[in-house]
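**Student:** First, the structure itself, so that you have it in front of you.
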Amino acid sequence: MSKTKNITIDWSSYDPGQAYDDMMDGSGRPRPAACELAAQLGALSPKELRDRQLAAEQAIVETGITFTVYSEGQNIDRAWPFDIVPRTLGRSEWETTEAGLKQRLRALNLFIDDVYHDQKIVKDGRFPREILESSKNFLPACVGATPTHRVWANICGSDLVRDKDGTIYVLEDNLRVPSGVSYMLENRSITKQVFPELFARQSIMPVDDYPAELFNMLVSLSPRPGDDPEVVVLTPGIYNSAYFEHSYLARRMGAELVEGRDLVVGDDDCVYMRAIEGLTRVDVIYSRINATFLDPEVFEKESLLGVPGLIRSWRAGKVAIANAPGTGVADDKVVYIFVPDMIRYYLDEEPILANVPTHQCANPEILPWILDHLEELVVKPANESGGYGMLVGPQSTAQERAEFRHIIQKNPRNYVAQPVITLSTVPTVIDRELEPRHVDLRPFILQGESMYVTPGGLTRVALRRGSLVVNSSQGGGSKDTWVVG
Amino acid sequence: MLSRVAERVYWMSRYLERVENAARLVAVYSELLLDLPEDARLDWSVALEILGMGDAWQRTGGTESELGFLLTSKNHNASVLASLSFARENARTTRDIVPSEAWRTINELHMYAVKNLPSMVQRPSSPVPAEIVGRCHKITGILDGTMSHGPAYRFIRLGRSLERADMSSRIVDVAAAILLAGRDEIHLHDSTIWRAVLRALSAYQMYRQYVRRRILGPDVLEFILHDADFPRSIMHCVQVLEESLHKLPRSEKALNQVSALEDRLKGIDLQAVDHQVVHQFVDELQLDFASLHGVIFKTWLNPMSAA
């Protein structure tokens, strides 16, 4: 480690404790993928470190990178919380992970297509019928539909976590309207401003291809191939927490950003947008609205976000919607338990990536054990996201556990229990020091005609010491993610 | 370009123009009240008439002062503060389209108005209206100087010109109505009132420069209605409308409306009319403006049928 005249970062006082640290190994040496970074950081004085962090925060405010939180009856745009120290991953480990993610999404898409058609997996006794029948996200309106390429989930954000021993697990697959990819892209562009020298010295896989890959995937879904298809991004509007991302992706793809009221379904079952040139045919909708709000004729009658007749048009093959309505059936923490089996059943392969061992509260043989061990477990509702409505056992109070015991017993189908994973840590700027903080990783996987996985993804970091909750709505931050090698 | 986006920039621009005109009107009007003797019986109700808020104020039963209603009422969407909130909301929801400097300036103007308009209710002859007018000019300048003069900008110009023409016609109308009321005391102040009309339209200096005569009612009307070069004259606004419409797709119907409007304007000889005729003429103009807005709305802002 090089030394300068200033006092430099002292790695000997950096202690990730029980957790696996993504930068430093157990003996205090940097892992191979992190060597350059650790050396560079080591040469910075605490003041320089602080200055670079402030420069990054300033850039975020000036560029207007925000997310929206709903608080005290008002929507507030908050600056995106970002930590300058990147999270590093080795290239060969990443290649395995990437193969595992593709394998998983292929199996999930075969599963979704199967449950809306013949339900072979149920008939063959490999997936319990009652789970399907009790699924809130199985949409009868989608039975028999055939999206282009028979792919339902075109965009997937899978959450990966690394446990104490270094094993990477898939924690969940977000198949409805996964968000965060714009922050992954912005994080990279800020890091290039903050640590330009590091990009020159080593090979870090670029992530900037994503908008082009997304656009190509969407174009591949068009019901009118050959033409120059009209692709739009459908947003619930400016009050949505991810509006920044909707507008960002629309701009980067050169697609129109539309709201439900901009679209109308004609007598010919085609979808049109109201434009100053007149009604203009739309071929592909990248929807950032939950499926059940898409069409008030079929789903939520009160929905003002949707477009009457949209599902009719989609079923008639006049418009493509990504992700396809009905995809949410596989975004369920009970269905998640069966993904390794789906891989074996549909692909005849062994899963490359492991699931976190997960118990169904609906299983009467296991439920009493779960209720007795709440203090050691994480309990999650099957259908929520954003870290809402979950219990992290070791960090809960006796009263919270008592409440959860009650709500689980009331509706066991809606809950799953998992052991606590001690998420891996990454050095994070806290005041002027580097301290370990827990992280997860959300790569984004695309499937249309072909597949694409973002190199790395969005690393989310729990900024509070010891905390395992990384969601931005719950005080989490984010980091750039480098696949190095 | 999406119709919804066109609609938002159109309304943003209309509301900003309205704010600017209302602020100028309040400044001029508060001076006019000082210039006229008490027996002329002018009060703020006339200003409310000009802004089309008279009936709404009557319905409040006098719970708010007239000026307070005009400036800050939350119960009427035409008050200065409400108009500004709408302008801001429309700008906020089109931040991808509107230059960010313009958005910032609109946002700052809104904050300024929230803070300062309430005090103006007590003291109308304060520097606040001039500040508001100045900031509106700044916004117009930013849009003109930094925004591509493409479709979105054309809708900004349409909104601005239509609102401006409408406001100019209202001011002329009310001046005519005051004089038409025919009370002798008022007639002694004819030229004071016509001067106020010019100043409410920032037209005084240009009028002196181009008309070069003492202020006479027919000349003022001629200038405000027919002068093609003065940017707040109705004729000029109509020509800007025509220019902007020409470059939009499917504009035949709107262009027909505009040319009918132009014919009507040219068809009146203002040297030979009395106030009653002016009043009727302005009524007809206002209907023309409303139907032009209707055509713009149906053609671009809310199209219901395929091209």
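**Student:** Listing A:Glu48, A:Glu245, B:Glu38 from the residue with the fewest other Cβ atoms within 10 Å to the one with the most, what is the order?
**Tutor:** By the 10 Å Cβ count, ascending: B:Glu38, A:Glu48, A:Glu245.
**Student:** Now a separate question. Return, for the Cα atoms of the stretch A:36-193, the radius of gyration and Dmax in Å, separated by a comma.
**Tutor:** 21.6, 64
**Student:** In the stretch B:142-228, which trypsin sites (Lys or Arg not before Pro) are in a loop and have at most 15 other Cβ atoms within 10 Å, using DSSP for the loop call?
**Tutor:** B:Arg183, B:Arg212, B:Arg213, B:Arg214
**Student:** Next question. Taking the alpha carbon gyration tensor of the stretch B:244-307, what are the square roots of 5 times its eigenvalues, largest first, to the nearest whole Å?
**Tutor:** Equivalent ellipsoid of the stretch B:244-307: 30, 12, 6 Å, largest first.
**Student:** Express the relative contact order of chain B as a whole percentage, based on alpha carbon pairs under 8 Å and six or more residues apart in sequence.
**Tutor:** The value is 23 percent.
**Student:** Restricting to chain A, compute how many DSSP beta bridges are antiparallel as a %, nearest 5.
**Tutor:** Around 75 percent of the beta bridges assigned by DSSP in chain A are antiparallel ones.
**Student:** For chain A, what does the relative contact order come out to in percent, with C-alpha contacts under 8 Å and a separation of six or more?
**Tutor:** With pairs under 8 Å counted, the relative contact order is 23 percent.
**Student:** Name the lysines eligible as straight-distance cross-link partners of A:Lys47: C-alpha to C-alpha under 18 Å, and not fewer than 8 places from it in the same chain.
**Tutor:** A:Lys3, A:Lys5
**Student:** A follow-up question, please. With the Cα gyration tensor of the stretch A:395-441 giving a ≥ b ≥ c as the square roots of its eigenvalues, does the rule (a/c under 1.5 for rounded; else a/b larger than b/c for prolate; else oblate) give rounded, prolate or oblate?
**Tutor:** Prolate, because a/c is 1.5 or more and a/b exceeds b/c.
**Student:** Ok, one more. Kindly identify chain B as rounded, prolate or oblate by the Cα gyration tensor criterion: order the square roots of the eigenvalues as a ≥ b ≥ c, call it rounded if a/c is under 1.5, otherwise compare a/b with b/c, prolate if a/b is larger, else oblate.
**Tutor:** Taking the square roots of the gyration eigenvalues as a ≥ b ≥ c, chain B is oblate.
**Student:** Please give the charge dipole size of the stretch A:357-419, origin at the Cα centre, charges +1 on K and R Cβ atoms and -1 on D and E Cβ atoms. Round to the nearest 20 debye.
**Tutor:** That gives the stretch A:357-419 a dipole magnitude of about 180 debye.
**Student:** Also, I was wondering about something else. For the stretch A:145-175 and the stretch B:161-178, write down the distance between their C-alpha centroids in whole Å.
**Tutor:** For the stretch A:145-175 versus the stretch B:161-178, the Cα centre distance is 63 Å.
**Student:** Within 10 Å of each residue's Cβ, count the other Cβ atoms and sort A:Glu197, A:Glu98, B:Glu243 from fewest upward.
**Tutor:** With the fewest neighbours first, A:Glu197, A:Glu98, B:Glu243 line up as A:Glu197, B:Glu243, A:Glu98.
**Student:** Which of the listed residues, B:Leu158, A:Tyr272, A:Gln53, is farthest toward the dipole's positive end in the protein assembly as shown, when Lys, Arg count +1 and Asp, Glu count -1 at the beta-carbon?
**Tutor:** With unit charges placed on the Cβ atoms, the residue in question is A:Gln53.
**Student:** Related question: Filter the trypsin sites (Lys or Arg not before Pro) in the stretch A:289-390 down to the DSSP loop ones having no more than 12 other Cβ atoms within 10 Å, then list what survives.
**Tutor:** A:Lys301
**Student:** In what sequence do A:Ser12, A:Ser182 fall when counting other Cβ within 10 Å, fewest first?
**Tutor:** Sorted ascending by nearby Cβ count, the order is A:Ser12, A:Ser182.
**Student:** Relative to the Cα centre, what is the charge dipole magnitude of chain A, using +1 at the beta carbon of each Lys and Arg, -1 at the beta carbon of each Asp and Glu, and rounding to the nearest 20 debye?
**Tutor:** 540 debye
**Student:** In debye, nearest 20, what is the charge dipole magnitude of the stretch B:201-286 about its Cα centre with +1 on Lys and Arg Cβ and -1 on Asp and Glu Cβ, if you could check?
**Tutor:** Dipole magnitude for the stretch B:201-286 comes out near 300 debye.
**Student:** For A:Lys410, list the lysines whose Cα falls under 26 Å from its own Cα; do not include residues on the same chain fewer than 8 positions away.
**Tutor:** The reachable lysines, counting only those whose Cα sits under 26 Å from A:Lys410, are A:Lys136, A:Lys333, A:Lys380.
**Student:** So, one more: Give me Rg over Rh for the protein assembly as shown, both radii from the alpha carbons and Rh done the Kirkwood way, two decimal places.
**Tutor:** Expressed as Rg/Rh, it is 1.07.
**Student:** Just want the answer: with Cβ charges of +1 for Lys and Arg and -1 for Asp and Glu, which residue in B:Gln122, B:Gly54, B:Tyr112 is farthest toward the dipole's positive end in the protein assembly as shown?
**Tutor:** B:Tyr112
**Student:** Do the sum for the protein assembly as shown: with -39,500 (n - 2.57) for every DSSP H run of n ≥ 4, divided by all residues, what is the mean residue ellipticity at 222 nm, to the nearest 500 deg cm²/dmol?
**Tutor:** The helix-only estimate for the protein assembly as shown comes to -14000 deg cm²/dmol at 222 nm.
**Student:** Sequence gap at least 6, Cα distance under 8 Å: using those rules, report the relative contact order of the stretch B:1-147 to the nearest whole percent.
**Tutor:** Dividing the mean separation by the residue count of the stretch B:1-147 yields 32 percent.
**Student:** How would you classify the stretch A:364-437 from its alpha-carbon gyration tensor, with a ≥ b ≥ c the square roots of the eigenvalues: rounded for a/c under 1.5, else prolate if a/b is greater than b/c, otherwise oblate?
**Tutor:** prolate
**Student:** Could you tell me which residue out of A:Phe299, A:Gly226, A:Tyr243 lies farthest along the dipole of the stretch A:215-321 toward its positive end? Charges go on the beta carbon: Lys and Arg +1, Asp and Glu -1, centred on the Cα centre.
**Tutor:** It is A:Tyr243, whose Cα lies furthest towards the positive end.
Here, each number is a calculation from the coordinates, and none is a lab measurement. Quantities reported herein were computed from a predicted structural model and do not represent experimental measurements. Positions of Cβ are generated from backbone atoms using ideal geometry, with glycine treated the same way; all protein chains shown enter the neighbour counts.
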